[in-house]
C-alpha cells in the first residue's frame, strides 16, 4: 500500500494534471452507497489548472507518429500488469470497497487491463479513424470543379465523464484519447475513483515527459457541482464532453452545451437474447443454450450494458412451450450458480431491494410467472407465462433475468428500441436471418449468444450505434484549387 497517499484518516485520490500529482487543498468525499470515504483536492482549487488552454499545445502529439503512439501504449499495457504494479495493487484494495461488484470480479477486471493494450486491440481502435487520416492529409477525391479535397483527423480538448461499473473503462478512455491525439480530463466516478489515477501515475513513472503522459488529467469532483462545472465546461476550455452516464447525468451535462462544445453520449443500455426454436429440435443441445445464457446474464454480475436481461425464447406459448421455457430457466440458473468466481459471484449487496419486492410479488402470481431462485439474493430467473416481459424488466440487475416465450420471432422486433445495445443470438445460423430486422428496430450490436462479454476486449468497434473514437477527433477538410482549372468567381 506504499504507493497510496493517505491523509490522517482517509485514503487519498490525488488529482493528476498532465504529469503532476496534486494532493493539496483536500476535502472529504463519500463513496457511492456509503462504502468508503476518501479525500481529494477541492475541485475549485484545480479550476485554473485543469483546462489545457491554447489548443496549439496539441502540436506535440501531432508531431509523433501512430507507430510511436502504439509503442507507448503497448509499453503501458505491460506496465499495467497487476502483479508488479504498486499503484494498481494499492488501487485495487480501495476499489474493492467502492465498486458495485465483488472483489473477485474487480480483480479479474484489473488483471484484464494489459489485454486492452495488445497490438491487435490497438489496431482495432486505430482502424475506427483510419491510420492514414491520423498520420497526414488524405486526398479523398478531386471534385468536378477541379478542386483537390483532403481530410485529416486532429485531436481535441475533451472531458470524459467515465462510468464506474468497470475499472477497464478508464483504460479504454486513455487508449482512445492517445490514438485520437487529444487532451483528456477524466472525471473519476465515485464508485471507482482510484483506477484512473493509478493508470495515470503508471504513465508518469514510465514516461514522465512523453506527450501522451502530458495530455492526460484525472480528477474527482462530485457530479452536478454547478459552481465548478459551469466554469470548466466552456468552449474556451474544451471542445468535447464524452459522457458515460444515466439520464439524469446526461441531462445535467447537456445544460452546458453551446456552439463550440460537442456532447458524445455513451448512455446506459439494456441488452437481450434471442433463442430460436431450433434449440428444442431433436438432437439440439438445450444445455449449450443454457450455458450461453448463463454467461451473458451472470458475467460481471450483470453490471454492464452488454449483460442480457430479457431472453426471448421461440418455444411457443402453449402449455408445452411454457414447459420448455421453464426447463430452460432451471438449467440457466443451475449453470449461473457454478460460473467461475472470476466472472460471476453472488452480488455484493444481494438483489436490489426494490427489485426483490417486484420478484416476490411476481412469485405470488402463479398463473403469470414462475421464479427460479432468488431466495438468498444470489440471482434469479423469472419465467413469463405470457409472451410479455415483466413490467419491471428495465430494472433487472444482480443476476436476475426474465425468460419470455414467443410463438414467432416477429413478436420480438417491436420490443427492440434505441435502448437495446447487445443482442445475443442462438443458434448461429439464425443471425443472418434476423440481423437486418434487429438493426432497423434499434439493436446496436449482434453477437453469438454467450459471448457478449468475451468479444469486448479491445472496445475497437462501434459502440451504442456510433464510433466513439471517430467522434473524439476533429475532421478537418481542405481544398487545393488551381485557378487554371477551376474558374474563379470573380471572372465573367
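Each value in this text was obtained by applying a stated rule to the coordinates, not by laboratory testing. Please read all numbers here as calculations on a predicted model, not as lab measurements. Backbone-built Cβ (ideal geometry, glycine too); neighbour counts: all protein chains shown.
Worth a mention:
- Using a Förster distance of 30 Å, the FRET efficiency for residue 141-residue 491 (Cβ separation, nearest 0.05): 0.75
- With eigenvalues of the C-alpha gyration tensor scaled by 5 and rooted, the range 146-233, Å: 26, 18, 12
- Computed over the range 287-364, the quotient of the alpha carbon radius of gyration and 2.2 N^0.38 Å is 1.18.
- Multiplying the residue separation of residue 62 and residue 342 by 0.36 nm and subtracting their alpha-carbon distance yields 96.8 nm.
- When only Cα pairs below 8 angstrom with a gap of at least 6 residues are kept, the chain shows a relative contact order of 18 percent.
- Once both labels are positioned 7 Å from their Cα atoms along Cα-to-Cβ, the gap between residue 209 and residue 21 label points is 2.1 nm.
- Evaluated at q = 0.06, 0.11 Å⁻¹, the base-10 log of the normalised Debye intensity for the chain, with identical point scatterers placed on the Cα atoms, takes the values -0.31, -0.95.
- Shape parameters for the range 272-317, alpha-carbon atoms, Rg then Dmax in Å: 11.5, 35
- Using a Förster distance of 56 Å, the FRET efficiency for residue 482-residue 93 (Cβ separation, nearest 0.05): 0.30
- Range of Cα positions in the range 364-469 per principal axis (Å), largest first: 47, 31, 24
- Contact order normalised by residue count of the range 205-285, Cα under 8 Å, 6+ apart, percent: 24 percent
- Nearest-0.05 FRET efficiency for residue 86 and residue 287, computed from C-beta distance (R0 45 Å): 0.50
- Between helix 431-441 and the chain: long-axis angle, C-alpha atoms, 0 to 90°, nearest 10: 70 degrees
- Against the chain, whose longest principal axis comes from its Cα atoms, helix 319-337 is set at around 60 degrees.
- Potential extension, residue 366-residue 148 segment - 0.36 nm per residue separation minus Cα distance: 71.5 nm
- Label-point gap, in nm, between residue 120 and residue 417 - each point 7 angstrom along Cα→Cβ: 3.8 nm
- Here each label is just a point 7 Å from Cα along the line to Cβ, and for residue 429 and residue 354 those points are 4.5 nm apart.
- Relative packing of peptides 281-290, 186-195 - highest average C-beta neighbours within 10 Å first: 186-195, 281-290
- Computed on the Cα atoms alone, the convex hull of the range 104-195 gives a volume of 110 cubic angstrom per residue.
- At q = 0.11, 0.14, 0.15 Å⁻¹, base-10 log of I(q)/I(0) for the range 187-284 (Debye sum, equal scatterers on each alpha carbon): -0.51, -0.69, -0.76
- Considered as an equivalent ellipsoid built on the Cα gyration tensor, the range 270-448 has semi-axes of 23, 18, 16 Å, the largest given first.
- Measuring nothing but how far apart in sequence close Cα pairs (under 8 Å, 6+ apart) lie, relative to its length, the range 270-448 scores a relative contact order of 28 percent.
- Relative to the dominant Cα principal axis of the chain, helix 353-363 is inclined by about 30°.
- Order by protection proxy (mean Cβ within 10 Å, highest first), peptides 330-342, 95-107: 95-107, 330-342
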